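Notes follow once the structure below has been shown.
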Amino acid sequence: TLSVMLASTAKTVLSTRERTLLKLTLSEALQWLNDEKTTSVELTQTSLKQMERMEPLNAFITKSSEVALAQARKSDQKRQNGEKLGLLEGIPLAVKDIFCTSGIRTTCASRVLKDFIPGYDSTVASKLKKNGAVLLGKTNMDEFAMGSGNLHSHFGAAINPWSTATSGLRVAGGSSGGSAAAVSSLSCYGALGTDTGGSVRLPAAYCGVYGFKPSYGRISRYGMISYASSLDTAGVLTRSVRDAAVVLDSISGEDVQDSTCLRLAPTDLLSSFPSPSSSSPQLSLRGMRIGIPRVCHCSFVLPFEFMRTQKFDQLTLCCSLIKGILRRRTIRRGVGFVGERD
């Protein structure tokens, strides 16, 4: 793949330990930090080195190396002093260049904003800082989030790390393509994106990472440059489902600065997961009810019988078809479904 080719031709060579650190998931990196197997400074320096090696992917518009190292040193000091730690304490992350970050350029991938430096933080950026995250930089995207391939950026397209010599350059998906490419190329342990009509889910699928779009209003939009205000939603791109839960727990919750933000406490998804070092079994789907909207029960959806015969029956899934949730008029309005079976 392209990421492998870039790594083999890069001037900067990684040590065996650095390669090991980069392959950790966010949750594993947190465990290493808590067990004093590494430091935030080491994780950050290694991530910055990988960002340099993967630069041809064009995943980042702005790098904030000095800010990141300062935040990493502060995080390590907190650990040494025994202070209260945030959920993301010391973890290097990236943020889509649609979120305002105080003192760090925010362009929304547009020439119009190429020199714009906000004087305040978006709510999600503020919550990341509060929870101890280290900001590596701002990721590439379609200009003003208007695209689904990350091809329409003033700073050039983001490239899918899974491109090969035979396939040619593949799109990273959009509009959060830079975030997906950064996570997929091991340049960061997670990244924030936004989703209006698929802009987290598409690049996650294209680049082989986990993308999660929460319900509208679950995360504040304050300081997030708008595209379609009634649909825009901040989202998460990570290397595992557990990692996504950690980040979502860190940035969700009520915000008085956003009238559309739900009046709910931050999520507590992490409590549903066993500890990474635990020997207990993974989450079980036993007894879980899976609802399939009637409108989605089409020929292109895998039938439940196939799921059952492919060893899904051991989970004793009970599939309940939800009738009439989405009406025909919804389909005519183009919500994203293409047909309905009577």
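The values are calculated or read from the model by the stated rules, or taken from the named source; none is laboratory data. These figures come from a predicted structure and were not determined experimentally. Here the Cβ is made from the backbone with ideal geometry for all residues, glycine too, and neighbour counts use every protein chain on show. For the accessible areas, the whole protein counts, side chains as well, though only heavy atoms, and no ligand, DNA or RNA atoms are used. Shrake-Rupley method; radii C 1.70, N 1.55, O 1.52, S 1.80 Å.
Table: residues versus (1) in a loop (DSSP other than H, G, I, E, B); (2) open to solvent by less than 20 Å² (accessible area, probe 1.4 Å); (3) among the hydrophobic types (A, V, I, L, M, F, W, C); (4) touching a helix residue (DSSP H, G or I) at 6+ places or on another chain (Cβ under 7 Å).
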residue: 188; (1), (2), (3), (4): yes, yes, yes, yes
residue: 216; (1), (2), (3), (4): yes, no, no, no
residue: 220; (1), (2), (3), (4): yes, yes, no, yes
residue: 226; (1), (2), (3), (4): yes, no, no, no
residue: 236; (1), (2), (3), (4): no, yes, yes, yes
residue: 244; (1), (2), (3), (4): no, yes, yes, no
residue: 250; (1), (2), (3), (4): no, yes, no, yes
Evaluation of residue 134 against (1) at pLDDT 95 or above; (2) more than 25 Å from residue 70 (Cα to Cα); (3) not small (Gly, Ala, Ser) (one fails), failing number: (2)
Pairs with Cβ under 7 Å, 6+ apart, first in region 89-107 and at positive phi, second open to solvent by 10 Å² or more (accessible area, probe 1.4 Å) and of a type in the set (Phe, Trp, Tyr): none
Failed criterion for residue 61 (all others in (1) in contact (Cβ under 8 Å) with a residue 24 or more places away in the chain; (2) under 15 Å from residue 133 (Cα atoms) hold): (2)
Verdict on residue 208 being touching a residue at least 24 places away in the same chain (Cβ under 8 Å), open to solvent by 50 Å² or more (accessible area, probe 1.4 Å) and within 23 Å of residue 246 (Cβ to Cβ): yes
Pairs with Cβ under 9 Å, 6+ apart, first in region 255-272 and outside any loop (DSSP other than H, G, I, E, B), second surrounded by 17 or more Cβ atoms within 10 Å (Cβ to Cβ) and basic (Lys, Arg): 269/242; 270/242
Residues satisfying the stated conditions in region 55-76, i.e. open to solvent by less than 30 Å² (accessible area, probe 1.4 Å) and touching a helix residue (DSSP H, G or I) at 6+ places or on another chain (Cβ under 6 Å): 57, 59, 68, 72, 75, 76
Pairs, first over 24 Å from residue 153 (Cβ atoms) in region 125-143, second of a type in the set (S, T, N, Q) and open to solvent by 10 Å² or more (accessible area, probe 1.4 Å), C-beta under 7 Å, six or more apart: 134/71
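Name the one entry in 88, 57, 69 that is within 22 Å of the chain's Cα centre (by Cα), at pLDDT 95 or above and closer than 18 Å to residue 247 by Cα.
Details: 57 fails: closer than 18 Å to residue 247 by Cα; 69 fails: closer than 18 Å to residue 247 by Cα.
Being within 22 Å of the chain's Cα centre (by Cα), at pLDDT 95 or above and closer than 18 Å to residue 247 by Cα holds for just one of 88, 57, 69, which is 88.
Condition (residue is closer than 30 Å to residue 114 by Cα, of a type in the set (Val, Ile, Thr) and open to solvent by less than 60 Å² (accessible area, probe 1.4 Å)) applied to region 10-26: is it met by at least one residue? Talk me through it step by step, then tell me what you get.
First, the residues of region 10-26 that are closer than 30 Å to residue 114 by Cα: 10-12.
Restricting the remaining residues to those that are of a type in the set (Val, Ile, Thr) gives 12.
Retained after the next criterion (residues that are open to solvent by less than 60 Å² (accessible area, probe 1.4 Å)): 12.
The answer is yes, given that some residue of region 10-26 is closer than 30 Å to residue 114 by Cα, of a type in the set (Val, Ile, Thr) and open to solvent by less than 60 Å² (accessible area, probe 1.4 Å).
What about residue 79, is it under 23 Å from residue 200 (Cα atoms) and open to solvent by 40 Å² or more (accessible area, probe 1.4 Å)?
Details: under 23 Å from residue 200 (Cα atoms): no; open to solvent by 40 Å² or more (accessible area, probe 1.4 Å): yes.
For residue 79, the condition - under 23 Å from residue 200 (Cα atoms) and open to solvent by 40 Å² or more (accessible area, probe 1.4 Å) - is not met.
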Scan of region 96-127 for residues that are in contact with a Lys or Arg (Cβ under 6 Å, 6 or more places away or on another chain) and under 18 Å from residue 58 (Cβ atoms), ordered by number: 97, 107
Matching residues in region 89-113 - criterion: being basic (Lys, Arg) and surrounded by fewer than 24 Cβ atoms within 10 Å (Cβ to Cβ): 105, 111
Search result, residues across region 130-177 that are surrounded by fewer than 18 Cβ atoms within 10 Å (Cβ to Cβ) and either over 22 Å from residue 113 (Cα atoms) or touching a Lys or Arg at 6+ places or on another chain (Cβ under 7 Å) (or both): 130, 154, 164, 165, 166, 167, 168, 169, 170
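Condition first: small (Gly, Ala, Ser) and in a helix (DSSP H, G or I). Now tell me which residues in region 172-186 satisfy that.
Selection gives 177, 178, 179, 180, 181, 182, 184.
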